[in-house]
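For reference, the structure discussed in these notes is given below.
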Amino acid sequence: MAAKDIQQVTPEHVAIIMDGNGRWATRRGMPRLYGHRSGARRVREVVRACPDLGVRYLTLYAFSTENWKRAPTEVEGLMALFHRYITSETTELIDSGVRVRFIGDRTKLDPKLVSLMTQLEADTKPNDLLHLTIALNYGARDEIVRASARMAEAVRSGCLLPDDIDGDTICGYLDTADLPDPDLVIRTSGETRVSNFLLWQSAYAEYAFTPVLWPDFTAADFGEILLSYGARERRYGAVAQ
Ligand code: FPP
C-alpha cells in the first residue's frame, strides 16, 4: 500500500489502554515498577511515531481512578514516573510540535505534579503537529459525574436551560471538550475490557486488541494496527453503501 493510501485511512484520533507492564516485569522476575519504566520508553516511541503515521490525536490511559487500589509503593512509583516523564520530555515535546493535555481529576494528585502538568500544557499550547492527551487519575464514570455536577450548577445559576441540553452540551462539559472523539481504541496485553476509558467519547470507535504487552509494543506494532483499521468500514449505525 502506498504511503498516500495509508494516510487516507489513518484514524485521526487513536486512544490506547497501555496494559501489561506488571506481567511483563513479573515474567522477568522483576518488580512491577520495572515494567512501568519500560512502558514509559514505549510511550516515547509511540509519540514520536505518530506524525509519520498520520495520527493527529493520541490519548494514553496512564492512571485510572481505580489504580489507587494498588500497593502504595506501586502508586508512588507511578506518580514519580509521571513526574520524571514530564520533566525529562518537556523540551522534546515543545520542540517537536506536540501539544500536551491531561484529562482526569487533578484534585487528588500531588500539587507539585499538578503544577508540572499545568506548566507543560501551557508550554506546549501553541503546538499543533500532534495532540497528546494523557489520562491521569481518569475514569469515564468519574468524568461524567463531574461533568453532570458542573452542568447542574450551570442550570442552578441560570447559565444553562435544561431544555437546551443535548449531546453537544454534554461533550462540552467533559474533560475532552476540545478533542475529537477517538476513531480507534487499542488495548495491549490480550485483555478485552474497556476499563472505564472514554465511555461517552468511544460510542462509535473501532477497537483493536493485541496480545503484545505494552513494554513490548513497538512503533511497528502500532503501524500494523493502523493498517488493519484502514480495512474496516465504519457505518455509524447506517447501512453499508
Ligand atoms: C497497566 O499495566 C499500566 C498502568 C496502570 C500504568 C501505565 C503507565 C505507563 C505506561 C508508564 C508511563 C506513562 C506515561 C504517560 C509516561 P498493568 O500494570 O496493569 O499490567 P498488568 O495487567 O500486567 O499487571
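Figures for the structure shown
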| read-out | value |
| --- | --- |
| Residues of region 118-157 that turn out to be out of contact with any helix residue (DSSP H, G or I) (no Cβ under 7 Å at 6 or more places or on another chain) and among the aliphatic types (A, V, I, L, M), as a count | 9 |
| Any hit, region 112-133, residues being under 15 Å from the mean Cα position of the chain (by Cα), under 27 Å from Leu227 (Cβ atoms), more than 9 Å from the ligand (Cβ to nearest atom) and of a type in the set (Ser, Thr, Tyr) | yes |
| Contacts under 7 angstrom Cβ, first residue in region 171-183 being exposed (fewer than 12 other Cβ atoms within 10 Å of the Cβ), partner acidic (Asp, Glu), 6 or more apart | none |
| Tally, over region 79-108, of residues that are touching a His at 6+ places or on another chain (Cβ under 6 Å) and under 25 Å from Val145 (Cβ atoms) | 0 |
| Residue list for region 181-213, filter: β-branched (Val, Ile, Thr) and either under 18 Å from Ala135 (Cα atoms) or touching a His at 6+ places or on another chain (Cβ under 6 Å) (or both) | Val185, Ile186, Thr188, Val194 |
| Single unsatisfied condition, Val43 versus (1) under 19 Å from the mean Cα position of the chain (by Cα); (2) in contact (Cβ under 8 Å) with a residue 60 or more places away in the chain | (2) |
| Residue in region 164-185 that is within 23 Å of Gly35 (Cα to Cα) and either within 16 Å of the ligand (Cβ to nearest atom) or modelled with pLDDT of 95 or more (or both) present | yes |
| Residue count, region 7-20 (criterion: crowded, with 22+ Cβ neighbours inside 10 Å, assigned to a loop (DSSP other than H, G, I, E, B) and more than 7 Å from the ligand (Cβ to nearest atom)) | 1 |
| Candidate set from region 51-73 (those that are assigned to a helix (DSSP H, G or I) and within 15 Å of the ligand (Cβ to nearest atom)); member that is surrounded by the most Cβ atoms within 10 Å (Cβ to Cβ) | Asn67 |
| Residues of region 74-106 classified as outside any helix (DSSP H, G or I) and either over 15 Å from the mean Cα position of the chain (by Cα) or away from the ligand (no atom under 13 Å from the Cβ) (or both), total | 4 |
| Residue in region 27-49 that is more than 22 Å from Leu81 (Cβ to Cβ) and either within 11 Å of the ligand (Cβ to nearest atom) or at pLDDT below 95 (or both) present | no |
| Counted residues, region 109-118 - those being assigned to a helix (DSSP H, G or I) and over 19 Å from Leu60 (Cβ atoms) | 3 |
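So that you can scan it fast, the table gives a plain yes or no per residue for (1) crowded, with 19+ Cβ neighbours inside 10 Å; (2) closer than 19 Å to Phe102 by Cβ; (3) not charged (D, E, K, R):
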{"residue": "Gly22", "(1), (2), (3)": "yes, no, yes"}
{"residue": "Ala25", "(1), (2), (3)": "yes, no, yes"}
{"residue": "Arg28", "(1), (2), (3)": "no, no, no"}
{"residue": "His36", "(1), (2), (3)": "yes, yes, yes"}
{"residue": "Arg41", "(1), (2), (3)": "no, no, no"}
{"residue": "Glu45", "(1), (2), (3)": "no, no, no"}
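The values are calculated or read from the model by the stated rules, or taken from the named source; none is laboratory data. From a predicted model like this one, the values you see are computed outputs, not experimental measurements. All Cβ positions, glycine included, derive from the backbone under ideal geometry; neighbour counts span all protein chains shown.
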